[in-house]
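Notes to accompany the following structure.
The values are calculated or read from the model by the stated rules, or taken from the named source; none is laboratory data. Quick caveat: nothing in here was measured; it's all calculated off a predicted structure. Here Cβ is always computed from backbone atoms with ideal geometry, including for glycine, and neighbour counts include all displayed protein chains. To get the accessible areas, we keep the full protein, side chains included, count just its heavy atoms, and leave off ligands, DNA and RNA. Shrake-Rupley method; radii C 1.70, N 1.55, O 1.52, S 1.80 Å.
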Amino acid sequence: GRGPGGMRVSVERSYRDVHDGHTVYVCSVGMPCVPDPWEVRRRYRDFVMLHDKIKTAFERLKDPPHLPPRHIFGSGSDRVVHGRSIALSAYLCRAIEVIAPLGMTLDRGEGGTPYHHLASFLQIPSRPPSEFKTLLS
């Protein structure tokens, strides 16, 4: 999906980690100012940790981003992984849509703003905050 300022993010594929058996989601992230998109690999629990850090940005929204539910059984099935990939893409797009315009105006929590946590999660190249905000606006 496309976010503010032409930023693109989506979960492109997933794979089963051979060491621990967990599903890894491969996110493609792109920005107009960066010539080539890059990939970020995250497990579902990484999305949960991100959500815990940025949910303060969603408190007053009527339609906040929602993570797909945790599955105790069958979490590795093709059906669940495919559905979760689509839902995680939608989650990231909505989170960017909400957080980017707010920038660093939100209260800091757990070592940074929701804005900083999302940028770190997506491995956005380091830039001065004002330039980063301009890129996403």
For the pair residue 123 and residue 39, the simple spin-label estimate (label points 7 Å beyond Cα toward Cβ) gives in nm 1.0 nm
Expressed in square angstrom to the nearest 10, the accessible area of residue 67 with a 1.4 Å probe stands at 40 Å²
Taking 0.36 nm per residue of separation between residue 61 and residue 18 and subtracting their Cα-Cα distance, the length gained on full extension comes to 11.5 nm
Measure of exposure for residue 44: accessible area at 1.4 Å probe, Å² rounded to 10, is 20 Å²
Amide H neighbours of residue 31 at under 5 Å, excluding residues fewer than 5 places away on the same chain, with H built from the backbone geometry, are 8
